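Chemist: Mind looking over this structure? Questions follow.
The values are calculated or read from the model by the stated rules, or taken from the named source; none is laboratory data. All of these numbers come straight from a predicted model, not from anything done at the bench. Methodologically, a virtual Cβ is constructed for each residue, glycine included, from the backbone with ideal geometry; neighbour enumeration extends over all protein chains shown.
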Amino acid sequence: MESANIQIQAPQDCEPTPGIIKSIELRNVMSHSEFKQEWHKSMNFIIGENGSGKSAILTGIVAGLGGKAYDTGRANSIRDIITNGQNQAKIKIVLHNHPSKLYGNDITIVRTMSREGSSKYQIKDANGNLRRLDRQELNLVLSKLNIQVNNPLAILHQEMSRNFLRTNDPTDLYNYFYRALLLNTCESMLKKAQQDLDAADSCLEKKKQFLDDLRHKEADLFKQVKFIESLGKTKERLSELENKYTWATVKESEDELKAVKENLDKANRQLTIAHQEFDLWNNELTDVKETLSTFEQRHQALSDEKVAKSAE
């Protein structure tokens, strides 16, 4: 277990400020294969010979609190933070916290980095319970505790301090001032807000266009509904007329049938009369035939009598 030389000078009864580092553990971080240190709640000094790993501790703090490799001043990528020959590095930082129901008096942030470039976070409460696993929650915690790992007034690494002391360029000095007051963060937030506003305006215009399209569709659908309603009424009227037509046809057929029946009855009556007249004429014809037969018989008798008399 490696350890750093720490000198402490602070009142023992002061309350720790939320966000102060309580302890740090480094595993396979640059020159530290295994490092753990409990820190004082007020002020700490880290001293040591060149190459003893002081900057590696600062690098671990910056990286462990979500900083980019560039922010450490010692690395260009996550791979540069991992100890040579190792595939993974782990940083564990415990912060003092406001007494709260969510995390308690301590917040533990664990960052695990792989040589392939992947990185994951774990955030635990004072009891060691895992709360969240994402970077978004870490950003909220850091913002709440006012921790700014990329602010030169909060963390001034060796390379940045060397450049700061050597530079006389007003532009460089202004850049330090600009970053120290978080104006770059404000600018980024303003740009993000403007992007969000532009996106919201664009979304609003799309929604307005969508609303107009919906209104046009509503008008078209309303016309279709009216047409369907009128079509329904037309169908009802058609059905009514068909019923009337059917009954009118039935009535007409009934009238025609009645007329035919009347004509048939009349014809039957005439036929009956004709039959009666035929029977009457037939009877008279029979009488005439009988009378004729009688006359023929008498005529024959007279003829025979005449012939007889002529023969005498």
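Chemist: Here is a check on your reading of the model: is Glu187 among the acidic types (Asp, Glu) and within 25 Å of Ile57 (Cα to Cα)?
Modeler: no
Chemist: Just to be sure, is Lys54 in contact with a Cys (Cβ under 8 Å, 6 or more places away or on another chain) and either of a type in the set (Gly, Ala, Ser) or closer than 30 Å to Glu15 by Cα (or both)?
Modeler: Considered against the rule, which asks whether it is in contact with a Cys (Cβ under 8 Å, 6 or more places away or on another chain) and either of a type in the set (Gly, Ala, Ser) or closer than 30 Å to Glu15 by Cα (or both), Lys54 comes out as no.
Chemist: Then there's this: Which one of Asn263, Asn282, Asn184 is closer than 30 Å to Asn150 by Cβ, of a type in the set (S, T, N, Q) and in a helix (DSSP H, G or I)?
Modeler: Just one listed residue meets the conditions, Asn184.
Chemist: What residue, of Thr234, Thr167, Thr249, is without any contact (Cβ under 8 Å) to a residue 24 or more places away in the chain and surrounded by 12 or more Cβ atoms within 10 Å (Cβ to Cβ)?
Modeler: Thr167
Chemist: For Ser161, are the conditions met, namely being among the small types (Gly, Ala, Ser), modelled with pLDDT under 80, assigned to a loop (DSSP other than H, G, I, E, B) and on the phi < 0 side of the Ramachandran plot?
Modeler: no
Chemist: Also, quick follow-up: Return a yes/no flag: does segment 184-201 have any residue that is surrounded by 13 or more Cβ atoms within 10 Å (Cβ to Cβ) and either under 30 Å from Pro99 (Cα atoms) or modelled with pLDDT of 80 or more (or both).
Modeler: yes
Rundown of residues vs (1) crowded, with 17+ Cβ neighbours inside 10 Å; (2) part of a loop (DSSP other than H, G, I, E, B); (3) without any contact (Cβ under 8 Å) to a residue 60 or more places away in the chain, yes/no style:
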{"residue": "Asn84", "(1), (2), (3)": "no, yes, yes"}
{"residue": "Ile93", "(1), (2), (3)": "yes, no, no"}
{"residue": "His98", "(1), (2), (3)": "no, yes, no"}
{"residue": "Ile109", "(1), (2), (3)": "yes, no, yes"}
{"residue": "Glu116", "(1), (2), (3)": "no, yes, yes"}
{"residue": "Lys120", "(1), (2), (3)": "no, no, yes"}
{"residue": "Ile123", "(1), (2), (3)": "yes, no, yes"}
{"residue": "Gly128", "(1), (2), (3)": "no, yes, yes"}
{"residue": "Glu137", "(1), (2), (3)": "no, no, yes"}
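Chemist: Collect the residues in segment 117-142 that are of a type in the set (Gly, Ala, Ser), at pLDDT 85 or above and closer than 17 Å to Lys68 by Cα, keeping them in residue-number order.
Modeler: Of everything in segment 117-142, those that are of a type in the set (Gly, Ala, Ser), at pLDDT 85 or above and closer than 17 Å to Lys68 by Cα turn out to be Ser118, Ser119.
Chemist: Still on this model: Out of all the residues in segment 67-101, which are modelled with pLDDT under 80 and among the aliphatic types (A, V, I, L, M)?
Modeler: Result: Ala69, Ala75.
Chemist: Name the pairs: first residue in segment 47-65 and in a loop (DSSP other than H, G, I, E, B), second residue of a type in the set (Val, Ile, Thr), Cβ to Cβ under 8 Å, at least 6 apart or on different chains?
Modeler: Note: pairs meeting the criteria are Leu65/Ile93; Leu65/Ile109; Leu65/Ile147; Leu65/Val149.
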